[in-house]
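Undergrad: This is the structure I have questions about; it appears just below.
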Ligand SMILES: *Cc1c(COP(=O)(O)O)cnc(C)c1O
């Protein structure tokens, strides 16, 4: 495998394929979910009929590049991704005799991994001459779409729950987005954005709602292309903070692409880490069905969801590749957040700290000398009120 600096985007012929029935559709602004499998009226359950991007991998690859269905010239100029992967400076030995790496995705331009999806969605909209994008968000997808969209001169309209951390809303307003605060939870914001989208023309506005728009899963896969190229191999385990399960699904999709391109030979173990108070995905994984009328409550706002939108898709990938789902308490998240900042100089938001808390929780089950990567998905400065409470509740 040959690696040369920054990974290039490799425009590749592709179509949408339904992850449930296999129906194939053109990649166009009209298509979001499979018309046969989706169940538009059931918002109390994860989305059905999520479309996957299926490439026509004709040749063998001797060099890593990122297959995408949109040409590189359409991508906004704001540089997204290519974040550092750093070896733990001080924690490796104290927690476990293992190789511990952190993927610093909070160093993306708007401070979260969400920029990877926003980048692809923005490029897709530009490639069809569409100038407006709407999105519902717990906060990061919003500020991300707003920032990336500003770089592409697109009009961004955002639906967030009233309770979203102020920094994320201020970010979105600074980037010039229109922000609508929805009275209720993230799930209500999601439904409000869907309602607006369904009365508009898909050639006038793109909907970036996570999991609903297949490009949100696809865009996030770049993180694992980078990890593999930075390590020069597949790690043994990757820890991923999970709410809707789109980052997790995107990482699996990236690994499957790499396998199909013959650039890797196996899929590593992924741990989806949830907050105990927002663990629908774990319940679905363990019980085979998702809870109804679940009320999520956790300090980690970015992974607080009642209904994991990408639930069925994420579960099918977890089952296929022997993945795991665990959860951690808010106290464990706060301790992990503080430990990571004080021991490594990495100040991340609670959702990202949850992934590290998950690592600590199961560290004794990991193999000696294994290579473990933790996705640090969001910046600590995005929620100062939460961090202040965490300082009060934890001891250094
Ligand atoms: C969105 C987000 C997550 C969770 O991603 P899902 O796709 O909802 O599972 C984790 N961490 C941060 C910082 C996020 O913004």
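Undergrad: Arranged by the count of other C-beta atoms within 10 angstrom, fewest first, what order do 236, 187, 301 take?
TA: Values: 236 16, 187 22, 301 26.
If I rank by nearby Cβ atoms, fewest first, I get 236, 187, 301.
Undergrad: On a full-extension model of 0.36 nm per residue, what is the gain between residue 59 and residue 107, subtracting their alpha-carbon distance, rounded to one decimal in nm? Numbers along the way, then the final one.
TA: Working: separation 48, 0.36 × 48 = 17.28 nm, distance 3.40 nm.
Full extension of this stretch gives 13.9 nm more.
Undergrad: Sort 261, 194 so that the residue with the fewest other Cβ atoms within 10 Å of its own Cβ comes first and the one with the most comes last. Walk me through the numbers before you get to the answer.
TA: Details: 261 21, 194 18.
Listing 261, 194 from fewest to most nearby Cβ atoms yields 194, 261.
Undergrad: Once you have the Cα-Cα distance between residue 322 and residue 170, take 0.36 nm times their residue separation minus that, and quote the gain in nm to one decimal. Present the calculation step by step, with values, prior to reporting the outcome.
TA: Numbers: separation 152, 0.36 × 152 = 54.72 nm, distance 4.02 nm.
Using 0.36 nm per residue and subtracting the Cα-Cα distance, I get 50.7 nm.
Undergrad: Between residue 127 and residue 381, with labels modelled 7 Å along Cα→Cβ, what's the label distance in nm to one decimal, could you check?
TA: That separation, rounded to one decimal, is 3.4 nm.
Undergrad: Could you give the nm distance between label points at residue 388 and residue 231, where each point is 7 Å from its Cα heading toward the beta carbon?
TA: 3.9
Undergrad: For region 293-321, list residues with backbone N below 15 Å from a point placed 7 Å from the Cα of residue 266 toward its Cβ?
TA: 321
Undergrad: Would you work out if the chain is rounded, prolate or oblate? Take a ≥ b ≥ c from the square roots of the eigenvalues of the alpha-carbon gyration tensor; rounded if a/c is under 1.5, else prolate when a/b is larger than b/c, oblate otherwise.
TA: Values: a/c = 1.39, a/b = 1.14, b/c = 1.22.
Rounded shape, in that the Cα axes give a/c under 1.5.
Undergrad: For a label point 7 angstrom out from the Cα of residue 195 toward its Cβ, which stretches of region 167-187 have the backbone nitrogen within less than 11 Å?
TA: Of the residues in region 167-187, 183 have backbone N under 11 Å from the label point off residue 195.
Undergrad: Determine which residues of region 154-192 fall in the zone a paramagnetic label at residue 294 would reach in this model, i.e. backbone nitrogen under 20 Å from the point 7 Å along Cα→Cβ.
TA: Answer for region 154-192: 161, 184-192.
Undergrad: Which distance in nm do the two modelled labels at residue 153 and residue 329 give, with both placed 7 Å along the Cα-to-Cβ direction?
TA: 5.4
Undergrad: At 222 nm, what helix-only mean residue ellipticity would the chain give, in deg cm²/dmol to the nearest 500, using -39500 (n - 2.57) for each DSSP H run of four or more? All intermediate terms of the calculation are to be shown ahead of the outcome.
TA: On the way: 13 runs with 140 residues, N = 396.
Calculated at 222 nm, the ellipticity per residue is -10500 deg cm²/dmol.
Undergrad: In what order do 253, 195, 168 fall by count of nearby beta-carbon atoms within 10 Å, going from fewest to most?
TA: Numbers: 253 22, 195 10, 168 29.
Placing the least packed residue first, the sequence is 195, 253, 168.
Read-outs throughout are calculated quantities, based only on the coordinates presented, and are distinct from any laboratory measurement. Just so it is clear, the structure is predicted and the values come from calculations on it, not from any experiment. Note that we place each Cβ from the backbone using ideal geometry, even for glycine, and neighbour counts take in every protein chain shown.
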